[in-house]
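For reference, the structure is listed below as structure tokens.
The values are calculated or read from the model by the stated rules, or taken from the named source; none is laboratory data. Everything numeric here is computed off the predicted structure, so don't read it as measured data. Methodologically, a virtual Cβ is constructed for each residue, glycine included, from the backbone with ideal geometry; neighbour enumeration extends over all protein chains shown.
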Amino acid sequence: MKILVASTTFTREIQNALLLAGVESHKIVNCETVQDLLENIKKGQFKAVIAEYMIDDANIWELAKLVNAHILETIAPPIFLLRDSIEVDIHTIRAKENRFELISLIALEKSFNTITDTQKRERILIVEDDRDAAETAVDCLQKDYEIDLAYDGQDGFDCWLKNRHDLIILDLMLPKLNGDEVLLKIMAIDKYQPVIIVTGYEGDDIYKELLLGGASDYIAKPFSVSLIRAKCKDVLNRAKINRLAKDSNKTLEALNELMWLLEMAINRKEAEKISNYITSMKKLLPDNLSDDRKITLLRRE
């Protein structure tokens, strides 16, 4: 797998760090414009994009938005912003919300392969005692996802505890531990865990009970290949939105606390604290104001 380097200022430093990390030189592709970067992503599979803060008049916020746009979403590699290229630190929550990670040259050199290996495909756990049904589900999903398989409820629960999957496809009738019991135990630990229940029962009361119990969705047996693929994609997309909403709420809570502390510092005329609180607030916010917007704001003063 190749690495895309989106840089004009730190190109040599990034290349040297990647070479020291064991990346072969012919697998490093350099891009100096946004258009060049996007065209390369369309052409082939890349393990990652290493980018500096600004490239071709686009900052990291704009670059991440373009790379993760719908047309490229299925082939977009993970983006790593070089910390050494920014003057003000960016909060990790804000970075994750905008779908990029932060990395320094030192980390790039020492542990790049370890870091990028964690950027794997989404992982699904299938808990199904009917081996034919289980194999059918595996066959239709393994192209797009990493798959773990368990044939009884207890093994399924233990596997989830160990790996914390992105999604669980859980049969309702299972040996050792029923699906509804597995769901209850999982929800007691992580109420946000995405779970699709597979059941041979039908009826609004059953479905309502499952959804109220924490299931994200359900599939009635027998199911089609297209249906299970569509359900997985839908539930995983909803889970991503929920995670972003949770992270946004954390950011707003942190900003609210800093605002209160800032007001207290202003009232007490504590200049050093005022400066520190403003710096902390900047780390939680994207620095993506255009020059035109800044000029407009200055004219309002």
Condition check for residue 143: at pLDDT 90 or above, outside any helix (DSSP H, G or I) and either touching a His at 6+ places or on another chain (Cβ under 9 Å) or not small (Gly, Ala, Ser) (or both): no
Does residue 210 satisfy the condition of being of a type in the set (A, V, I, L, M) and more than 16 Å from residue 128 (Cα to Cα)? yes
Pairs under 7 Å by beta carbon, first residue in the same structural domain as residue 91 (by TED's automatic domain parsing) and free of Cβ contacts under 8 Å to residues at least 24 places away in the same chain in the stretch 259-277, partner exposed (fewer than 13 other Cβ atoms within 10 Å of the Cβ) and part of a helix (DSSP H, G or I), six or more apart or different chains? none
Sort through 243, 268 and tell me the only one that's charged (D, E, K, R) and over 21 Å from residue 163 (Cβ atoms). 268
Residue 68 vs. criteria touching a residue at least 60 places away in the same chain (Cβ under 8 Å), farther than 21 Å from residue 112 by Cα and not assigned by TED's automatic domain parsing to the domain that holds residue 251: no
If you check residue 158 against the conditions, is it crowded, with 17+ Cβ neighbours inside 10 Å, at pLDDT 85 or above and of a type outside the set (Val, Ile, Thr)? no
Name the residue that is modelled with the highest pLDDT, counting only residues in the stretch 9-23 that are under 27 Å from the mean Cα position of the chain (by Cα) and assigned to a loop (DSSP other than H, G, I, E, B). 10
Just give me the residues in the stretch 201-222 being loosely packed, with under 12 Cβ neighbours inside 10 Å and either at pLDDT 90 or above or over 29 Å from the mean Cα position of the chain (by Cα) (or both), in sequence order. 202, 203, 204, 205, 208, 222
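Each row is one residue, and each column tells you yes or no for (1) hydrophobic (A, V, I, L, M, F, W, C); (2) buried (at least 18 other Cβ atoms within 10 Å of the Cβ); (3) in contact with a helix residue (DSSP H, G or I) (Cβ under 7 Å, 6 or more places away or on another chain); (4) closer than 16 Å to residue 1 by Cβ.
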| site | (1), (2), (3), (4) |
| --- | --- |
| 15 | no, yes, no, no |
| 28 | yes, no, yes, yes |
| 36 | no, no, no, no |
| 39 | no, no, no, no |
| 44 | no, no, no, yes |
| 54 | yes, no, no, no |
| 57 | no, no, no, no |
| 64 | yes, yes, no, no |
| 69 | yes, no, no, no |
For residue 197, only one of the following conditions fails: (1) modelled with pLDDT of 90 or more; (2) hydrophobic (A, V, I, L, M, F, W, C); (3) part of a loop (DSSP other than H, G, I, E, B). What is its number? (3)
